[in-house]
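Working notes for the structure below.
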Amino acid sequence: MLYNKRKNDRSKAMDVNQLMVWLFGGGTILIVIVSIVLSILCAIVPIALIIWFLYSRKQKADTVREASQTWLVTNGKVIKSRVEVSGGEVTSVHPRVIFEYEVQGRVYQNDQIRAGDKFWATGSSQDAYQTIDRYPEGLDVRVYYNPANPAESALER
């Protein structure tokens, strides 16, 4: 019986020893597999985060646009209208239309052309110039505003 106990202890010790040899000596395959998995994750995670960010911005824009269908309407006036160009290596061109409107005796200003655009705005430089042509300075406009938050508004729904 004593002999069997020693034999079992030796086999356990050998199992641990074999494991150590495999992990640190002959376990090169494990290191290669872990390296490959980490490399794949390093490539996939940033792409997944970018996709998630863009998707969430698009969802927010769609939510605001949908909610804007129930916004109230008031009269306003375009006080500034210009095309803004920004960037270094990549040039960004977008319209900047600032309008003023009044709700319950309080005057507000905003620059949202289309509801939800602050979350998801796309367009070309041609679109920017066409927008400026549609909303010249001094133009009387209809302003759609959120009755729960009149500072939230847009010229288009």
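The values are calculated or read from the model by the stated rules, or taken from the named source; none is laboratory data. Given the structure is predicted, the values throughout are model-derived calculations rather than measurements. Neighbour counts run over all protein chains shown; Cβ positions are idealised from the backbone, glycine included.
Within region 133-157, if we keep just the residues that are surrounded by fewer than 19 Cβ atoms within 10 Å (Cβ to Cβ) and under 27 Å from the mean Cα position of the chain (by Cα), the residue that is farthest from residue 77 (Cα to Cα) turns out to be 148. Checked against the criterion of being surrounded by 10 or more Cβ atoms within 10 Å (Cβ to Cβ), part of a loop (DSSP other than H, G, I, E, B) and touching a residue at least 60 places away in the same chain (Cβ under 8 Å), region 42-61 contains not a single residue that satisfies it. Candidates are the residues of region 81-106 that are part of a strand (DSSP E or B) and either among the polar types (S, T, N, Q) or not assigned by TED's automatic domain parsing to the domain that holds residue 130 (or both); the one that is farthest from residue 135 (Cα to Cα) is 91. Inclusion of residue 88 among residues that are surrounded by 14 or more Cβ atoms within 10 Å (Cβ to Cβ) and under 30 Å from residue 54 (Cβ atoms) is not warranted.
Pairing each residue of region 128-150 that is in the same structural domain as residue 79 (by TED's automatic domain parsing) with any residue that is assigned to a helix (DSSP H, G or I) and of a type in the set (S, T, N, Q), provided the two are 6+ apart or on different chains, yields C-beta distances under 6 Å for 144/68. Scoring residue 73 on the criteria (1) at pLDDT 90 or above; (2) more than 25 Å from the chain's Cα centre (by Cα); (3) farther than 17 Å from residue 113 by Cβ; (4) not aromatic (Phe, Trp, Tyr) leaves a single failure, condition (3).
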